[in-house]
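Following: one structure in structure tokens, then a few remarks.
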Amino acid sequence: SQQGEEDPQALSIQEGENATMNCSYKTSINNLQWYRQNSGRGLVHLILIRSNEREKHSGRLRVTLDTSKKSSSLLITASRAADTASYFCATVISGYSTLTFGKGTMLLVSP
Amino acid sequence: DAGVTQSPTHLIKTRGQQVTLRCSPKSGHDTVSWYQQALGQGPQFIFQYYEEEERQRGNFPDRFSGHQYPNYSSELNVNALLLGDSALYLCASSLDRGAQYFGPGTRLTVL
């Protein structure tokens with residue numbers, strides 16, 4: 001079953017613009033992770049945020065976590081065409097290590 | 001340093017057949033997890049192997065089985081294939097319950 005739900009399902013922007021994707025989940029978590037997938041191939045780990053953290057940055061990525069609302073957002077600043085991919089949030093429940101993924105957001109960045 | 005590798009890349013089988021997919025973990029990793037990703041969906045957890053034992057299992061029937069060898073490599077076996085088993089099968093490795101690194105996947109088509 002899917003734990004997280006990303007919103008929007010698809011996003012189309014121009015190069016240089018910012019892209020924001022949201023993720024909601026259902027149960028309490030240990031951490032939440034964001035992954036990128038190009039053309040239906042392997043997943044690339046982008047960033048991990050723990051349940052006691054509220055915001056985290058990595059390069060052009062900014063992730064926020066609101067455990068009271070059971071939601072997270074991923075912001076990609078100054079998007080590039082190479083950022084075109086599907087983005088997934090995945091949650092990890094305390095005591096386990098397995099990832100539970102949402103359905104993903106397809107991001108298209110046009111030159 | 002080689003990352004996670006999977007073989008084969010693509011596979012075509014017919015209903016009722018059996019298939020074996022293989023995964024070599026990233027150097028230094030001892031845990032292997034398998035995920036199934038249907039078209040347009042997020043990956044779903046199948047099972048996780050640690051110290052040659054199945055440590056955790058997702059909501060998949062017994063037709064799905066696995067194995068982990070002393071060198072930490074792993075196999076995923078699916079018996080009595082159904083059309084609905086057509087998917088991208090992803091292997092991820094980690095050091096125990098640490099961050100998971102994904103391979104490129106095996107695309108299975110069942111006709």
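Spot the failing condition for B:D30; the list is (1) under 24 Å from A:Q37 (Cβ atoms); (2) open to solvent by less than 70 Å² (accessible area, probe 1.4 Å); (3) within 14 Å of chain A (Cβ to nearest Cβ), and only one is missed.
Against the list (1) under 24 Å from A:Q37 (Cβ atoms); (2) open to solvent by less than 70 Å² (accessible area, probe 1.4 Å); (3) within 14 Å of chain A (Cβ to nearest Cβ), B:D30 comes up short only on (1).
Mind listing whichever residues of region B:54-111 are open to solvent by 60 Å² or more (accessible area, probe 1.4 Å) and assigned to a strand (DSSP E or B)?
Hits for region B:54-111 are B:E54, B:R55, B:R57, B:H67, B:Y101, B:R107.
Take the residues of region B:1-20 that are part of a strand (DSSP E or B) and within 14 Å of chain A (Cβ to nearest Cβ): which is least open to solvent (accessible area, probe 1.4 Å)?
B:Q6
Counting only residues that are assigned to a strand (DSSP E or B) and open to solvent by 80 Å² or more (accessible area, probe 1.4 Å), how many does region A:6-34 have?
Of the residues in region A:6-34, 3 are assigned to a strand (DSSP E or B) and open to solvent by 80 Å² or more (accessible area, probe 1.4 Å).
Which pairs have Cβ atoms under 6 Å, sit 6 or more apart or on different chains, and link a residue in region B:11-23 that is among the hydroxyl-bearing types (S, T, Y) to one that is open to solvent by less than 80 Å² (accessible area, probe 1.4 Å)?
B:T20/B:E75; B:T20/B:N77
Return yes when A:M106 is hydrophobic (A, V, I, L, M, F, W, C) and open to solvent by 60 Å² or more (accessible area, probe 1.4 Å) and no when it is not.
Yes, satisfied.
Taking A:N52 and the conditions (1) without any contact (Cβ under 8 Å) to a residue 60 or more places away in the chain; (2) part of a loop (DSSP other than H, G, I, E, B); (3) surrounded by fewer than 21 Cβ atoms within 10 Å (Cβ to Cβ); (4) within 10 Å of chain B (Cβ to nearest Cβ), which numbered condition does it fall short on, given that it satisfies the others?
Of the numbered conditions (1) without any contact (Cβ under 8 Å) to a residue 60 or more places away in the chain; (2) part of a loop (DSSP other than H, G, I, E, B); (3) surrounded by fewer than 21 Cβ atoms within 10 Å (Cβ to Cβ); (4) within 10 Å of chain B (Cβ to nearest Cβ), the odd one out for A:N52 is (4).
Would you mind telling me which numbered condition in (1) under 19 Å from A:Q9 (Cα atoms); (2) not in a strand (DSSP E or B); (3) not small (G, A, S) A:K69 fails?
Every condition holds for A:K69 apart from (1).
Looking at region B:78-100 only, could you name the residues that are more than 19 Å from A:Q37 (Cα to Cα) and not small (G, A, S)?
Answer for region B:78-100, where residues must be more than 19 Å from A:Q37 (Cα to Cα) and not small (G, A, S): B:V78, B:N79, B:L81, B:L82, B:L83, B:D85, B:L95, B:D96, B:R97.
Could you tell me whether any residue of region A:75-84 is assigned to a strand (DSSP E or B), of a type in the set (G, A, S) and in contact (Cβ under 8 Å) with a residue 12 or more places away in the chain?
no
Which condition breaks for A:R41 when tested against (1) assigned to a loop (DSSP other than H, G, I, E, B); (2) touching a Ser or Thr at 6+ places or on another chain (Cβ under 7 Å)?
(2)
Quick grid of which residues meet (1) under 28 Å from B:G103 (Cβ atoms); (2) surrounded by fewer than 14 Cβ atoms within 10 Å (Cβ to Cβ); (3) at pLDDT 95 or above; (4) of a type outside the set (S, T, Y):
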| position | (1), (2), (3), (4) |
| --- | --- |
| A:R36 | yes, no, yes, yes |
| A:S39 | yes, yes, no, no |
| A:L43 | yes, no, no, yes |
| A:I47 | yes, no, no, yes |
| A:L65 | yes, no, yes, yes |
| A:S79 | yes, no, yes, no |
| A:T84 | yes, no, yes, no |
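The values are calculated or read from the model by the stated rules, or taken from the named source; none is laboratory data. Since this is a predicted model, take the numbers as computed values, not measurements. Every residue, glycine among them, receives a Cβ derived from its backbone with ideal geometry; neighbour counts consider all protein chains shown. For the accessible areas, the whole protein counts, side chains as well, though only heavy atoms, and no ligand, DNA or RNA atoms are used. Shrake-Rupley method; radii C 1.70, N 1.55, O 1.52, S 1.80 Å.
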